[in-house]
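To start, the structure itself, in structure tokens.
The values are calculated or read from the model by the stated rules, or taken from the named source; none is laboratory data. Predicted model, so just to flag it, every value in this text is computed and none were measured. Cβ coordinates were reconstructed from backbone atoms using ideal geometry, including for glycine residues, and neighbour counts include every protein chain displayed.
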Amino acid sequence: MHIEIICIGSELLVGSVNTNSAYISEKLATIGLKVNREITVGDDFPQLENVFSESFNRSNIIITTGGLGPTFDDITRETVSKATGKKLILNKNVLKTISEFFEKKKIKMPKDNEKQSYLLEGAEIIPNGLGTAPGQILEMNSKIIILLPGPPREIKPMFENTVLPYLKKRFEKGLLKIKILHTVGLAESVIDEKIRKIVDIERKLEGSEVSFSILAKHTGVDIKIIVSGTDEMLIDQMIQNLKREFYNVLKDFIFGEDNQTLESAVGQLILKKRKTLAVAESCTGGLISHRLTNVAGSSMYFKEGIVTYSDSSKKRMLGVKDETLNKYGAVSSEVAKEMAEGIKKISGTNFGISTTGIAGPKPSSTGKPVGLVFIGIASDAGTKVQRFQFTGSRVEIKDKIATAALDILRMNLI
């Protein structure tokens, strides 16, 4: 079985991040199908026709993403039509669906959108509940061609609701399950050393096998466990056993699993403890508040977030003393302490978090280095401040500070 993904769009060749192929490959792996090749091509008719024809000659399944929009540079339908010899036929039901999409928004449907209602002769429709471009599945000469739009938010429900069940029914080869463990606070090399004994041991049960991978990001490290086989009970048992072993060696450095984020893990803990939180941010500029409020239900525990970027705002809003700023500077343990205590006091919460530091790209005027950060946490038990020295770009350092602050709170809740 040879499977290829063709990602279409000139924007993908000039810096735009393409997450579609990784998503599709991972989903296909869950039913035992492996992608052999992924190709990115711009919105150029001759190039796309060339790429598609080559893929069609050597592949059993071709999945395209992008190029199904209504504009002049959306050429996927026309290219596939020419390469396969299948006519494009107006589908009145699709046209009606697109028209209703605009009617709900009280917008007159542009004439160009009619283009999206043309399907390849003999193709099956893949409904798109989030956009105007339907997908298509065409079976031809023992080959399968699947056309999907480009936006990831549209692709995911289309793939999971229609494409995956269709392919699973036709080609599923056993079972495959993936478990991802998220860690924070340990370097990739340290995690590798701690889990090496587990990974190196031959781990096979009858009808099952396991593989591992480690993915390092600037805010943490993920461990992926992939178990395949024919017996779902054995696969689940394997995953539970491996999880237990990883938790035994990594302990509280694991903060969550699968789609869980650090902020959602913190939210669950603080909600369970029936505590409340407020944040005073300087160098992170509201990033911690942003991440906390990305979690549904965060209003139950997150009460207030203030960005006190200047010295004057730290004094006026948080009660940081003049003498503290003059003696130690804004980037100091002493100021972080007063910021955390100030936000806790004015908000009336159980926890107050503060951040002050130098995100870069240049050192401070007083010579303090880029990446120097102080994070304070004030609670009913007192106030603690931790010093960090982060590296990376300005954006990466801000991400690291926000992650460290959330993890400090997490560790005070477990």
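Assorted remarks:
- Screening Ser55 on (1) buried (at least 16 other Cβ atoms within 10 Å of the Cβ); (2) part of a loop (DSSP other than H, G, I, E, B) shows it passes everything except condition (2).
- Every pair of residues 6+ apart whose Cβ atoms lie under 7 Å, when the first sits in region 20-48 and is closer than 17 Å to Leu68 by Cβ while the second is among the basic types (Lys, Arg) and in a strand (DSSP E or B): none
- Extreme residue, modelled with the lowest pLDDT, among residues of region 160-173 that are over 21 Å from the mean Cα position of the chain (by Cα) and surrounded by 14 or more Cβ atoms within 10 Å (Cβ to Cβ): Glu172
- Residue check, Phe72 in the same structural domain as Lys143 (by TED's automatic domain parsing), at pLDDT below 95 and either exposed (fewer than 14 other Cβ atoms within 10 Å of the Cβ) or farther than 18 Å from Ile137 by Cβ (or both): yes
- First in region 385-414 and under 18 Å from Phe255 (Cβ atoms), second anywhere and at pLDDT below 95 and among the aliphatic types (A, V, I, L, M), Cβ under 7 Å, 6 or more apart: none
- Taking strands (runs of 3 or more DSSP E) as the structural unit, those lying wholly within region 135-230 and holding at least 2 residues that are under 21 Å from Glu257 (Cβ atoms) and not assigned by TED's automatic domain parsing to the domain that holds Ile75 correspond to 175-183, 208-217, 220-229.
- Selection of region 9-27 for residues being of a type in the set (Val, Ile, Thr) and either touching a Gly at 6+ places or on another chain (Cβ under 9 Å) or exposed (fewer than 14 other Cβ atoms within 10 Å of the Cβ) (or both) yields Val14, Val17, Thr19.
- Scope region 6-45; condition touching a Lys or Arg at 6+ places or on another chain (Cβ under 7 Å) and either assigned by TED's automatic domain parsing to the domain that holds Lys224 or small (Gly, Ala, Ser) (or both); matching residues: Gly32
- Test result for Ser333, surrounded by fewer than 17 Cβ atoms within 10 Å (Cβ to Cβ), touching a residue at least 24 places away in the same chain (Cβ under 8 Å) and more than 18 Å from Ala404 (Cα to Cα): no
- Scanning region 350-399 for residues that are surrounded by 23 or more Cβ atoms within 10 Å (Cβ to Cβ) and of a type outside the set (A, V, I, L, M, F, W, C) yields Gly352, Ser354, Thr355, Thr356, Gly357, Gly376, Lys398.
- Among the residues of region 77-93, those identified as assigned to a helix (DSSP H, G or I) and surrounded by fewer than 17 Cβ atoms within 10 Å (Cβ to Cβ) are Glu78, Lys82, Lys92, Asn93.
- One residue stands out in region 94-132 among those that are closer than 17 Å to Thr162 by Cβ and among the β-branched types (Val, Ile, Thr): the one that is surrounded by the fewest Cβ atoms within 10 Å (Cβ to Cβ), namely Ile125.
- Restricting Glu114, Glu100 to residues that are more than 20 Å from Asn20 (Cβ to Cβ), in a helix (DSSP H, G or I) and touching a Leu at 6+ places or on another chain (Cβ under 7 Å) narrows the list to Glu114.
- Residue, farthest from Ala405 (Cα to Cα), within region 262-297, restricted to residues that are in contact with a Leu (Cβ under 9 Å, 6 or more places away or on another chain), surrounded by fewer than 20 Cβ atoms within 10 Å (Cβ to Cβ) and not basic (Lys, Arg): Gly297
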